[in-house]
1. Could you please find all residues in segment 126-160 being assigned to a helix (DSSP H, G or I), touching a Ser or Thr at 6+ places or on another chain (Cβ under 9 Å), under 14 Å from Trp89 (Cα atoms) and touching a residue at least 40 places away in the same chain (Cβ under 8 Å)?
2. Can you tell me which residues in segment 106-117 are buried (at least 20 other Cβ atoms within 10 Å of the Cβ), in a helix (DSSP H, G or I) and more than 16 Å from the chain's Cα centre (by Cα)?
3. Output the residues belonging to segment 38-50 that are in contact (Cβ under 8 Å) with a residue 40 or more places away in the chain and either within 16 Å of the chain's Cα centre (by Cα) or assigned to a helix (DSSP H, G or I) (or both).
4. Where residues in segment 14-27 are surrounded by 12 or more Cβ atoms within 10 Å (Cβ to Cβ), hydrophobic (A, V, I, L, M, F, W, C) and modelled with pLDDT of 90 or more, which of them is nearest to Ala66 (Cα to Cα)?
5. Where the second residue is acidic (Asp, Glu) and part of a helix (DSSP H, G or I) and the first is farther than 13 Å from Pro156 by Cα and lies in segment 51-77, which pairs have Cβ atoms under 9 Å and are six or more apart or on separate chains?
6. With the requirement that a residue be farther than 17 Å from Ile21 by Cα and among the polar types (S, T, N, Q), what does segment 86-136 give you?
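The values are calculated or read from the model by the stated rules, or taken from the named source; none is laboratory data. Computed from a predicted model, the values in this text were never measured in an experiment. Using ideal geometry, Cβ is built from the backbone for each residue, glycine included, and neighbour counts are taken over all protein chains shown.
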Amino acid sequence: MSEKKHMSYFGVGPIYVTLIIIITIAAVYIGKMECFSLGVTAIMKIPLYITGIILIALGVILWVQAVLISKIDKNIAENKLVTTGAYAWVRNPIYSAFAIIFTGVLCLQNNLVLLIIPFIYWIFMSMLVRKEEVVLEKTFGQEYLLYKSKVNRCIPWFPK
């Protein structure tokens, strides 16, 4: 009988997070340039600021749930598929948490043009995570396929 493959501790996480950090820093810098000032709006300043603070807080809460409360390191070490807690809401809560936090940072910039960037986060996450999903399917088989059919890849939502 073949031994079950072991999950990676990091997966594509460092690549994804580094990529969106760079994109966010560049967006904040570019958003302050004169040519992008058309997205700055006085009427949306307070709603965007409040939204930004809420998104940052939600992202931090999601990260804490995914990493600390779900004890993801322990479960990876034991080669267990986590499907409860934050993982019942989204298959990649750590990556999603960073995307939510950086979307909040973009909201704080009060520049509507920058709100295109979260779609880029989502596209990159969707592309990169597919590699991990192949490994998870090989590692956990039907258990992962069932989980995958019930829980969103990137956007936290109620499980089906």
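1. Listed by number, the list holds a single entry, Tyr147.
2. Scanning segment 106-117 gives Cys107, Leu114.
3. Here is the first cut: in segment 38-50, the residues in contact (Cβ under 8 Å) with a residue 40 or more places away in the chain are 38-41, 44-45, 48-49.
The answer is Leu38, Gly39, Lys45, Leu48, Tyr49.
4. At the first step, the residues of segment 14-27 found to be surrounded by 12 or more Cβ atoms within 10 Å (Cβ to Cβ) are 15-17, 19-21, 23-25, 27.
Narrowing the set further to residues that are hydrophobic (A, V, I, L, M, F, W, C) leaves 15, 17, 19-21, 23, 25, 27.
Checking which are modelled with pLDDT of 90 or more leaves us with 17, 19-21, 23, 25, 27.
Working: Val17: 15, Leu19: 20, Ile20: 19, Ile21: 20, Ile23: 24, Ile25: 25, Ala27: 27 Å.
Out of the qualifying residues, it is Val17.
5. As it stands, the answer is Val67/Asp73, since those pairs meet every condition given.
6. Asn92, Asn110, Asn111
One line per residue, one yes/no per condition, for (1) surrounded by 14 or more Cβ atoms within 10 Å (Cβ to Cβ); (2) of a type outside the set (D, E, K, R):
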| site | (1), (2) |
| --- | --- |
| Tyr95 | yes, yes |
| Phe119 | no, yes |
| Ser126 | no, yes |
| Lys148 | yes, no |
| Pro159 | no, yes |
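Quick grid of which residues meet (1) surrounded by fewer than 19 Cβ atoms within 10 Å (Cβ to Cβ); (2) at pLDDT 90 or above:
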position	(1), (2)
Val12	no, no
Tyr29	yes, yes
Lys45	yes, yes
Ser70	no, yes
